[in-house]
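Note sheet for the following structure.
The values are calculated or read from the model by the stated rules, or taken from the named source; none is laboratory data. All values reported here derive from a predicted model rather than from experimental measurement. For neighbour counting, all protein chains shown are included, and Cβ atoms are generated from backbone atoms with ideal geometry for every residue, glycine included.
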Amino acid sequence: MTDSPSRRRLVALAATLLVASGQAGAAEPDPIPQTEQSDVLTLPPPGPHRLLVTDAVYNHAKDGRAYLVDGDSARMLGMMPAAYNANIVADPKGGHYYVAETIWTRGNRGTRQDLLSIYDAHTLALSDEISLPGRALITTKRQDADISADGHWVYVYNMTPSNSVIMVDTITKKVVASVPVPGCGLAFAWGDHGFASLCANGALASVDVADPAHPKLVRGKPFFAPEKDPVFEQSPTDRATGRTFFISYGGMVTPATLGPTPTLEAPWSINEAAKQARAPGGDTPFAVAWRPGGWQIAAYRHSDAHLFVLMHEGQYWTHKADGTEVWELDTATHALVRRIRLPAPSDMVGITQDAKPLLISSSDSGALFLLDPQSGAVLRQIRKLGDNLIFASAPGE
Amino acid sequence: MPPTRPLQTRGGQARAGRTIDRLSERATRLLAGRTSRRGLLARLGAWSAMAPVLPILPVRRALAADAAARPPTPFAAAAQAGDDTKCNYWRYCALDGYLCSACGGGVHSCPPGTEASPTSWIGTCFNPIDSRSYLVAYRDCCGQDACGQMNCLGTDGDTPAYRPQSNNDIIWCYGAKSLMYNCSTAAIVGLAG
Amino acid sequence: MPGSAGLRRAAILLAATIPLCAAGAADAEPQPIGAAQSAYLMRCGGCHGIEGVSVPGLIPTLRGRVGALAGTAKGRDYMLHLPNVAMSRLDDATLASVLNFVVFGLGGASTAPGTPPFTAHQVHAALRDSR
């Protein structure tokens with residue numbers, strides 16, 4: 001039981017002897033050891049291509065899960081259960097994964113339990129379960145849960161249908177507050193102690209939770225028309241700096257810096273960046289144009305402030321249509337850098353944050369593609385990683 | 001401004017009778033940026049048994065006067081009115097999910113063993129037979145996991161989840177015993193004005 | 001529950017006041033739903049119920065109850081500032097007509113005689129800052 005290292009040494013010795021005996025010839029099979037110990041692996045040290053991929057498994061959503069994938073070998077490294085429209089949030093410090101999920105005591109029936117399940121990022125062992133007072137049950141949006149930049153607070157959006165954000169202390173493992181955000185939804189974490197929500201009138205509400213017992217909510221003025229050209233829930237955001245790009249159905253990008261009082265910059269058009277006319281809005285729903293769409297519609301790379309947006313050609317109200325291309329945009333100059341044709345229409349796009357980045361896309365049959373963002377070449381793929389791959393994220397995002 | 005309230009679980013059981021005093025107290029609380037679920041949410045259940053007062057609307061045949069009405073969206077332009085087990089059936093213009101009519105239920109009926117939601121969102125769809133728009137309630141059927149047949153992606157008028165009155169990603173099972181989503185129906189509420 | 005018989009009677013009276021309900025026999029030409037009721041249905045009715053009857057404990061029932069709110073200044077202000085009302089994005093006149101449909105249509109006997117209607121001007125004054 002305890003002597004496996006010495007066993008291993010024995011096996012190695014046996015192998016050496018075999019080879020030394022001159023019979024090794026070509027393709028001699030490995031020796032069959034007498035006995036083999038079963039063990040459980042832990043994850044290798046994480047690199048920039050350690051991908052976290054969410055599978056919503058729409059056909060039986062109670063069996064949702066998240067996979068860890070090594071982008072360099074295109075191999076699965078492990079998984080975590082993530083039940084029923086779950087959100088998986090990675091600890092920015094790399095220690096844990098937090099899964100906001102909903103489970104019924106008897107599978108598909110019984111008592112509903114909303115949980116924040118905590119996994120050790122090295123062993124993927126379940127380390128804690130925190131009961132939540134609720135969760136929004138919505139086809140999962142990335143910002144249904146988020147984490148503060150220092151990893152101290154997890155924010156979980158709740159809707160009953162009144163709106164609130166549940167705050168969990170990851171150190172004491174306790175729910176510390178349920179912050180009402182009347183008329184607003186989602187949680188975009190900014191800094192170490194705040195989050196912002198998007199509201200039904202097209203404004204932002206920002207909540208400073210430095211003192212969780214006395215959250216300070218500040219409402220902004222509407223900055224978009226939520227019925228004519230709403231911004232996507234999956235607009236990319238950077239919790240450390242608060243830098244966020246609200247992208248609308250019509251391809252308008254509103255740069256924002258979230259904080260106690262968010263600042264908003266003038267919107268610019270993705271189509272105009274590509275020297276096209278702006279995409280027409282809902283008043284002319286038959287007009288065809290290139291538009292953003294899908295589920296995780298965009299990814300942001302900090303090092304050069306480039307956006308990668310999933311685009312397709314279509315009419316208005318195709319905001320959930322899979323993207324056929326990814327457009328790389330420079331957010332400083334509002335210029336199109338390149339258009340990347342995807343190997344298959346994808347509902348998500350991801351980008352790694354390192355100097356040799358991978359672009360990530362999926363297909364509706366559950367394939368995961370790892371692309372060279374410069375050439376668009378498929379470097380590697382996993383033919384069928386899962387059923388409905390809706391999100392992918394990489395360390396440092 | 002600061003919306004503060006202690007953590008509370010759902011469904012406080014206050015008495016039904018209300019006084020103007022309590023109302024103004026509630027109003028004051030809300031204006032101060034707070035809501036009290038206990039005060040706001042305790043409600044009588046007696047009305048849920050009340051018979052519907054809206055008449056059943058026959059979908060009327062095309063009238064000369066309406067001949068000019070054109071399908072307002074690409075979905076409407078391609079929609080059909082014959083087969084409600086297909087995604088392009090006209091009422092499904094904003095239905096994102098599985099069709100109850102393909103899972104043992106009907107266009108406004110839940111499959112056996114599931115529960116109809118008392119809440120929904122309401123949109124409009126264009127009927128190609130009479131060229132008129134109808135209000136359609138997208139009520140989900142609840143209590144079992146997804147039925148899996150006919151996954152449709154109608155998105156006319158679908159706005160993000162922070163605008164719940166017109167969003168089809170929310171599981172509209174509020175008020176059902178279980179918030180597990182099985183499939184979606186599209187019940188006609190009336191002829192749009 | 002105490003008082004429910006009275007409320008039920010009020011509801012029957014109310015039925016006659018909703019224009020659509022006058023449509024009569026099922027084979028009659030369907031009448032378009034009026035603008036205020038349409039707006040109520042599309043912005044409020046999914047949650048509060050097409051007849052103003054919703055889910056006790058989650059979403060308040062308006063039918064036969066909401067009139068009491070409209071009887072006091074604070075109650076009226078509260079109604080105007082409810083998140084789904086204030087952020088409905090309906091224009092002032094339409095939102096006023098929706099609130100009046102709610103108070104005088106759904107409110108039934110809970111709405112005291114002499115309760116003043118909401119005006120576009122009041123809506124504008126109350127919500128100017130949030131839009």
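May I ask you to verify whether residue B:184 is within 14 Å of chain C (Cβ to nearest Cβ), closer than 26 Å to residue C:90 by Cα and of a type in the set (Gly, Ala, Ser)? So residue B:184 does not fit the description; no. In the set (1) more than 7 Å from chain B (Cβ to nearest Cβ); (2) modelled with pLDDT under 95, the condition left unmet by residue C:27 is number (1). The set of residues in the range C:33-63 being over 17 Å from residue B:119 (Cβ atoms), touching a helix residue (DSSP H, G or I) at 6+ places or on another chain (Cβ under 8 Å) and facing chain B (nearest Cβ under 7 Å) consists of C:33, C:34, C:35.
Hey, can you tell me all the residues within the range C:102-131 that are small (Gly, Ala, Ser) and in a loop (DSSP other than H, G, I, E, B)?
Hits for the range C:102-131 are C:107, C:112, C:114.
Evaluate the following for residue A:351: is it within 18 Å of residue A:243 (Cβ to Cβ) and buried (at least 23 other Cβ atoms within 10 Å of the Cβ)? Yes; evaluated as a whole, the condition is true for this residue. Go through the residues of the range A:141-151 one by one and say whether even a single one is under 17 Å from the mean Cα position of the chain (by Cα), in the same structural domain as residue A:95 (by TED's automatic domain parsing) and free of Cβ contacts under 8 Å to residues at least 40 places away in the same chain. No, the range A:141-151 has no match at all. Candidates in the range C:72-90 are the residues that are facing another protein chain (nearest Cβ under 7 Å) and part of a loop (DSSP other than H, G, I, E, B); of these, the one that is surrounded by the fewest Cβ atoms within 10 Å (Cβ to Cβ) is C:72. At least 2 residues being modelled with pLDDT of 95 or more and more than 28 Å from residue A:266 (Cα to Cα) is the threshold, and among the strands (runs of 3 or more DSSP E) wholly inside the range A:149-245 those reaching it are A:153-159, A:163-169, A:174-180. So which residues in the range A:277-311 are surrounded by fewer than 18 Cβ atoms within 10 Å (Cβ to Cβ) and over 19 Å from residue A:233 (Cα atoms), if there are any at all? Residues satisfying the conditions are A:277, A:278, A:280, A:283, A:284, A:286, A:287, A:288, A:302, A:303, A:304, A:305.
Take residue A:156 and tell me if it is in contact with a Leu (Cβ under 7 Å, 6 or more places away or on another chain) and under 21 Å from residue A:205 (Cα atoms). Against the criterion (in contact with a Leu (Cβ under 7 Å, 6 or more places away or on another chain) and under 21 Å from residue A:205 (Cα atoms)), residue A:156 qualifies. Scanning the range A:96-116 for residues that are of a type outside the set (Phe, Trp, Tyr) and under 17 Å from the mean Cα position of the chain (by Cα) returns A:96, A:99, A:100, A:101, A:116.
Show the residue pairs meeting these rules: Cβ distance below 6 Å; 6+ apart or different chains; first residue within the range A:203-231 and closer than 22 Å to residue A:155 by Cβ; second residue of a type in the set (Asp, Glu) and surrounded by fewer than 22 Cβ atoms within 10 Å (Cβ to Cβ). Listed pairs, sorted by first residue: A:216/A:208. When residue A:226 is tested against (1) surrounded by fewer than 19 Cβ atoms within 10 Å (Cβ to Cβ); (2) under 30 Å from residue A:164 (Cβ atoms); (3) not aromatic (Phe, Trp, Tyr), just one condition goes unmet, and that condition is (1). Does residue A:339 fit the bill of being out of contact with any His (no Cβ under 8 Å at 6 or more places or on another chain), basic (Lys, Arg), buried (at least 20 other Cβ atoms within 10 Å of the Cβ) and farther than 16 Å from residue A:389 by Cβ? So residue A:339 fails the test.
Go through the residues of the range A:169-177 one by one and say whether even a single one is touching a Lys or Arg at 6+ places or on another chain (Cβ under 7 Å) and among the charged types (D, E, K, R).
No; the residues of the range A:169-177 include none that is touching a Lys or Arg at 6+ places or on another chain (Cβ under 7 Å) and among the charged types (D, E, K, R).
Evaluated against (1) assigned to a loop (DSSP other than H, G, I, E, B); (2) surrounded by 10 or more Cβ atoms within 10 Å (Cβ to Cβ), residue A:40 falls short on exactly one condition, (2).
Scanning the range B:102-114 for any residue that is within 30 Å of residue A:231 (Cβ to Cβ), in contact with a Phe, Trp or Tyr (Cβ under 9 Å, 6 or more places away or on another chain) and either among the hydrophobic types (A, V, I, L, M, F, W, C) or assigned to a strand (DSSP E or B) (or both) turns up nothing.
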